[in-house]
Amino acid sequence: MTKRLLSLMLALVMLLGIFTGCSGNTEPTATNAPAAASTPATSGSEAPAEKTKITFMGWGTDAEVATFTAMIKQYEEAYPNVEVEYIVVADNEFDTKLQTMIGAGECPDVFYCNIDKMMKYAATGNLLDLTEYYENNEIFEQGNVWECLLDLYRFDGENQGSGSIYAMPKDVSAFPIFYNKDLFAAAGVTPPTAEDPWDWNDYLEAAKKLTSGEGDEKVYGTGSYSLESAVWSNGAEWVDPETLSKVEITDPAFTEALQWCADLHLVHGVCPSPAEQTALSDYDRFKQGKLAMVGAGTWSLGDFWANCDFDWDVMPWPVSPNTGKTAIWFGSAGLAVSATTEHPLEASNLCAFLAFNEDAQRTAYTNGQAVPTLKDMAYGEYTASGLKPDSKEVFWDMFEHTARLATQSRTFNQEWFAEFNSNTAAVYNGEMTAEEYCKSINDTVQALLDESIAQKAEYAG
């Protein structure tokens, strides 16, 4: 009897410790009974329990803010004794604001965390390890989420993509080619499919057929071609993908891909010039019906629904004729929990709810904010929803087969990548060839990559 009593007392102490003993250094324990777990029972004579208040900081357009305001309301309805203060910061001020708040000991409980910042924040001890919560919660099933999406937020102390989980995805974004179906029909161009993709030559020939007119009425076949897709499809890399330590931009396969992108304007005239793109972006030109094909993210869906007065759809990126393969980056921003939060369970529940709750995901996709992070919802109700685009299978093929994390997001900082991009306009303007440019900047880019490696060793080592 004594042993049994002691066992019961120990179990009670452990249970209380889960809910009341959490600190900024304690991993949260998940629960799948939101209202019951969050709302303690009270008698008629007792005052209602004081709400737990947590802060959530993000950025976004007016449409995104409206969407997340609605999703937060859904969370508060599911967890009625939790109140969320939603702080919105301009995206170009967000990182500075967050770093200032961290330095002042005023970090929000939950905040957006870009993929390319996640490693640094995790290595410096600013993010709560969510692995235990992630693996044991019942809000979602891990097998119902794309593995490539889950791996974005893993960090093992050395490399991104494996190890502990430090954030949950606020969204998942494919980056397909959007095309104007009306222009395609008028030019007699049949679009490719994921099963039967174009190669670069097919793309160029289609762009030529789709280019017409002069002056203000000029219609171009294509906007700027994704350099990531061209480089990766051609079997090249910015840096060695295994060690992430050696710059490879002088590889002939790399310079060939860069030159091919530039020549769409310089040689073939099927893409607006850099000056024309400065005056009117490819994105806006597409919405005006003056661009037949443009690379864009799924975050653009709501805008295209509202502002494109023509029929449109999506298609995959072409394969390189040299390799027969294609690839494209995919994106996401994370929902991270501060390592110093006083409410790790409530904060982690908010992350999981926004990332994976069915009602929240339905709000996101019906508002055109993102495609579902849940596979069954993506393949099921979203595909059958009647919402554009018609060829949603292009998204799923990317997530399953061709999507890659951008190389610069796998390094500790991105200064080397910014330096590479600092004057690529010289190639697109025809002032330098791709080979000349890459040779001229190679040593500088390598030196900055070396600095990034040294910084990671300092913080993570």
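No value in this document is a laboratory result; all are computed from the given coordinates. All values reported here derive from a predicted model rather than from experimental measurement. FYI the Cβ positions are ideal-geometry reconstructions off the backbone, even for glycines, and counts take in every protein chain you see.
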- request: Taking the Cα atoms of the stretch 238-278, report the difference between the largest and smallest coordinate on each principal axis, in whole Å and largest first.
  value: 39, 21, 12
message: Among Phe399, His265, Ala327, whose Cα projects farthest towards the positive end of the dipole of the chain, with charges put on the beta-carbon of Lys, Arg (+1) and Asp, Glu (-1)?
response: Phe399
query: In terms of the Cα gyration tensor, with a ≥ b ≥ c the square roots of its eigenvalues, is the stretch 170-325 rounded because a/c is under 1.5, prolate because a/b exceeds b/c, or oblate?
result: prolate
- request: Provide the percentage of antiparallel DSSP beta bridges, counting only those with both residues in the chain; round to the nearest 5.
  value: 65 percent
- request: Quick one: net charge around Gly297, please, counting Lys, Arg +1 and Asp, Glu -1 for every other residue with C-beta under 11 Å from its C-beta.
  value: -2
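Go through Lys181/Lys287; Lys51/Lys375; Lys287/Lys388; Lys120/Lys170; Lys181/Lys218; Lys170/Lys290 and tell me which ones have a Cα-Cα distance over 24 Å in this structure.
Lys51/Lys375; Lys170/Lys290
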field: Asp240 versus Asp91: modelled label distance in nm, points set 7 Å from Cα along the beta carbon direction
entry: 3.5 nm
message: If each residue of separation counts as 0.36 nm, what is the full-extension length gain between Glu217 and Ala275 once their alpha-carbon separation is subtracted?
response: 19.2 nm
- prompt: What length, rounded to one decimal in nm, is gained on full extension from Glu358 through to Gln74, with 0.36 nm per residue of separation minus their alpha-carbon distance?
  reply: 101.2 nm
field: Total formal charge among the other residues, if their Cβ is under 14 angstrom from that of Ala236, Lys/Arg +1 and Asp/Glu -1
entry: -4
field: Candidate lysines for bridging to Lys439, where Cα separation is under 27 Å - those fewer than 8 sequence places away on the same chain excluded
entry: Lys246, Lys325, Lys456
message: For a quick size check, give me the Cα extents of the chain along its three principal axes, largest first, whole Å.
response: 86, 50, 38
- prompt: Using the Cβ atoms and a cut-off under 12 Å, what net charge is assigned to the surroundings of Glu451, where Lys and Arg are +1 and Asp and Glu are -1?
  reply: -3
- request: Once you have the Kirkwood Rh of the stretch 312-397 from its Cα pairs, apply Stokes-Einstein at 4 °C and 1.567 mPa s and quote D in µm²/s.
  value: 84 µm²/s
field: Mean Cα-pair separation over length for the chain, i.e. relative contact order, pairs under 8 Å, 6 or more apart, %
entry: 24 percent
message: Which residues among the stretch 209-223 fall inside the zone where the amide N is under 13 Å from a point 7 Å beyond the Cα of Ala186, along Cα→Cβ?
response: 210-214, 217-221
Listed peptides 373-380, 232-239 by packing density, highest first (mean Cβ within 10 Å): 232-239, 373-380
- prompt: So between Thr444 and Lys208, what do we pick up on full extension, going 0.36 nm a residue minus the alpha carbon distance?
  reply: 81.2 nm
Most to least packed among 127-133, 144-150 [average Cβ atoms within 10 Å]: 127-133, 144-150
